[in-house]
Amino acid sequence: MDTGPGRTQSLYRKYRPETFAGGELVGQDHVRDTLRNAIANGRVSHAYLFCGPRGTGKTTTARLLAKAVNCLDPEPANRPCNVCEACVAINQGRATDIIEIDAASNRGIEDIRDLREQVKYAPAQLRHKFYIIDEAHRLTRDAFNAFLKTLEEPPPNTTFVLATTDPDELLETVASRCQRFDFHRIPAEQMALRVRTVCEQEGIEIDDEALSIVIRQSTGSLRDALSLIDMLATATSEDKTIDAGLTRKMLGLSQDERTLTVIEAILERDLTLGLQTINDALDSGQDMRAFGRQILAALRLLMLCRAGANPAEADGALRELATRFELPELLRINREFSEIDFAIRHGGFPQLPIELAFVAAIVGDSATVQAAPQPAQVTPARRPEPSRPEQRASAPPQRQPEPRAAQPAQPAREPIPIRREEREQSPAREPAASAPQPPASTPEPRPSGAATASVQMVVERWPEVRTEVKAADRKVEALLASCDPYSIIDGTLFLIAAYPFHASKLNEDRNRQTIEDAVERVLQQRLTISTGLRGELPDAPDEGGPPSGGTGDSNATPQTPPRQVRDDGANASDSNDGYDASEAEDDEQERAAAREEHQVIERMKAIFNGEEIDIDELQIDGGSSS
Ligand SMILES: [Zn+2]
């Protein structure tokens, strides 16, 4: 491969678009068209704000704009022509009227200080002066204020372009004086096309798989993609094709690859591979919340692809992967992973929620059905339980061939009396897609009243509750910012707080009532609110513990490992009466549940020690389906 004379410049610089035409500026057609119009009509703004992820062409576009505005070609549509005196001067970096400032550098800060002085002077050479301020969000407040004065009285024949990856960091007064353009991540297909073109022109051979790894890695940034190609081309000996093996080796098994490996492991039902990948991620210092979110993002794309929504971010590999799943299955898996963020934040083992969601995704419905009896044991006195054989018989197959996806579209907004029973009653249905079910099932014969909300339901509607609380009392709402719904037991909704201060404030009668009123307005149910710290709160096995995606039971586990033996009384007994009555019984049941869950954890540990186990063995009591 040619690493010699021709390759003194990075590919990104070398193939930087020289003109608005010809598809060189990839993936930003909306920006390009609007700017070309402005140039053609002579309506160029005094200030632009270019927002978007790195490597999507913000600075490049700013330079193109500067060139086009100064181009001497008589035909506006041809600008920039790249042959006139002005274009050539700019291309060669000789144009002193195009001033680029990197706000992130020390030099940039000084430059901004000078800017107010310099800005008074008319362009020296060109018709129109351009200030291109990169990483504009890094400007200090003082620099912004100084800059604001300039923007308020813009000098003639001068345009400012602020480029930023983080527009929210800009002063609103500055941002509002700019015409804003949002640059998008470049869709995978367009990026592949562009990278392919560059490779061909450079005589770099790259196979399809390697290319798609590069595209995935660069997450919509053309600069990243071309930098990776640079690196790979340098590492490849002459006349050799860049292949997937080399690419993986060079890039390491990255976050993105791990994400796909976990998803493929779900597909292949390969517990060992998936759990090891999760553990590798942890060992290599990867942030588990970020990893969890990335898995969820990929699962979401798969679901969209499978549903025919054609998301631009999805590349060929993801699209292909999507065809290998059934849609209902993807819905269910998405649900499994959708709430792990919460669990990672509050749990003692950051990797565990991912592991459990992963195992649940594989063990699937069989686990769901398996786990269902367990909560029932916890409160046998209160809840009539269908016999086990029935449940077994009604166990849905793990990979449901059901083609329809209509049900999930219905918003599951109404209180669902008991999710578990719902599942049992309609086993053929996609479990994740639990649409509102007429409460035909046995109504909850609770002594304390109609506490039928599930904690999942509360979590789903928590933003609405927060809004209601905010309307009533902003301070209480602010306290809620560091709290999450944790469990529901006998009409008491337990909130988990990050700090003792928040817990004690929220437990004050007035504040508690404010939240209770809000909950009642949203859920049409009166729940007692009790707030505590992690470790103080009772788990609620019958509600599936902390929220998670729709399969209330597989989630009882995420919270489990450092399982709290209930601290009798502390939070629970003061706020509800139904609790004490069956307390002893509950405790026994809870201990039993804890023992069973402990077995699952032990099983998973065995996997990490290299001892492979059978999926069916993972199921607590024997396993029913295949
Ligand atoms: Zn020109």
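A few notes on this one:
- Any hit, the range 427-434, residues being surrounded by 15 or more Cβ atoms within 10 Å (Cβ to Cβ) and modelled with pLDDT of 80 or more: no
- Contact annotation: residue pairs with Cβ atoms under 9 Å, 6 or more positions apart or on different chains, pairing a residue in the range 46-69 that is in the same structural domain as T159 (by TED's automatic domain parsing) with a partner that is small (G, A, S) and within 16 Å of the ligand (Cβ to nearest atom), are A66/A95; K67/A86; K67/A95.
- Note on the range 57-77: residues that are farther than 21 Å from V119 by Cβ and modelled with pLDDT of 90 or more amount to 11.
- Qualifying helices (runs of 4 or more DSSP H) (wholly inside the range 270-340; at least 3 residues being under 27 Å from D484 (Cβ atoms)): 271-283, 288-306, 327-338
- Odd one out for L226, checked against (1) surrounded by 20 or more Cβ atoms within 10 Å (Cβ to Cβ); (2) over 29 Å from the mean Cα position of the chain (by Cα); (3) at pLDDT 85 or above: (2)
- Unmet requirement for N41, which otherwise passes all of (1) more than 16 Å from the ligand (Cβ to nearest atom); (2) at pLDDT 90 or above: (2)
- Within the range 302-313, the residues that satisfy the criterion of being surrounded by fewer than 20 Cβ atoms within 10 Å (Cβ to Cβ) and aliphatic (A, V, I, L, M) are L304, A307, A309, A312.
For (1) within 18 Å of V26 (Cα to Cα); (2) among the polar types (S, T, N, Q), each residue gets a yes or a no:
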{"site": "N145", "(1), (2)": "no, yes"}
{"site": "L151", "(1), (2)": "no, no"}
{"site": "P156", "(1), (2)": "no, no"}
{"site": "T159", "(1), (2)": "no, yes"}
{"site": "T197", "(1), (2)": "yes, yes"}
{"site": "G203", "(1), (2)": "no, no"}
{"site": "I206", "(1), (2)": "no, no"}
{"site": "L226", "(1), (2)": "yes, no"}
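- Conditions (1) away from the ligand (no atom under 16 Å from the Cβ); (2) in a loop (DSSP other than H, G, I, E, B); (3) in the same structural domain as D134 (by TED's automatic domain parsing): number failed by Q9: (3)
- Residues in the range 94-109 that are away from the ligand (no atom under 16 Å from the Cβ) and either small (G, A, S) or touching a Phe, Trp or Tyr at 6+ places or on another chain (Cβ under 7 Å) (or both): 6 in all.
- Candidates are the residues of the range 66-77 that are more than 13 Å from V44 (Cα to Cα) and buried (at least 16 other Cβ atoms within 10 Å of the Cβ); the one that is farthest from the ligand (Cβ to nearest atom) is D73.
- Going through (1) within 16 Å of the ligand (Cβ to nearest atom); (2) buried (at least 18 other Cβ atoms within 10 Å of the Cβ); (3) in a helix (DSSP H, G or I) one by one, V31 falls short only on (1).
- Residue match in the range 129-143 (condition: among the hydrophobic types (A, V, I, L, M, F, W, C), in contact with a Pro (Cβ under 6 Å, 6 or more places away or on another chain) and either touching a residue at least 24 places away in the same chain (Cβ under 8 Å) or not assigned by TED's automatic domain parsing to the domain that holds A86 (or both)): no
- Residues that are of a type in the set (S, T, Y) and at pLDDT 85 or above, drawn from the range 274-300: T277
- Checklist (1) crowded, with 17+ Cβ neighbours inside 10 Å; (2) among the acidic types (D, E); (3) more than 20 Å from the chain's Cα centre (by Cα) applied to E320, failing item: (1)
- Criterion violated by F20 - all others in (1) within 16 Å of the ligand (Cβ to nearest atom); (2) in contact with a Phe, Trp or Tyr (Cβ under 9 Å, 6 or more places away or on another chain); (3) aromatic (F, W, Y) satisfied: (2)
- Matching residues, the range 223-269, being within 23 Å of F291 (Cα to Cα) and of a type in the set (S, T, Y): T247, S254, T259, T261
Here's the yes/no breakdown for (1) more than 16 Å from the ligand (Cβ to nearest atom); (2) within 28 Å of H184 (Cβ to Cβ); (3) of a type in the set (F, W, Y):
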residue	(1), (2), (3)
L64	no, yes, no
E85	no, no, no
Q92	no, no, no
D111	yes, no, no
F130	no, yes, yes
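The values are calculated or read from the model by the stated rules, or taken from the named source; none is laboratory data. Just so it is clear, the model here is predicted, and its values are computed rather than measured. Here the Cβ is made from the backbone with ideal geometry for all residues, glycine too, and neighbour counts use every protein chain on show.
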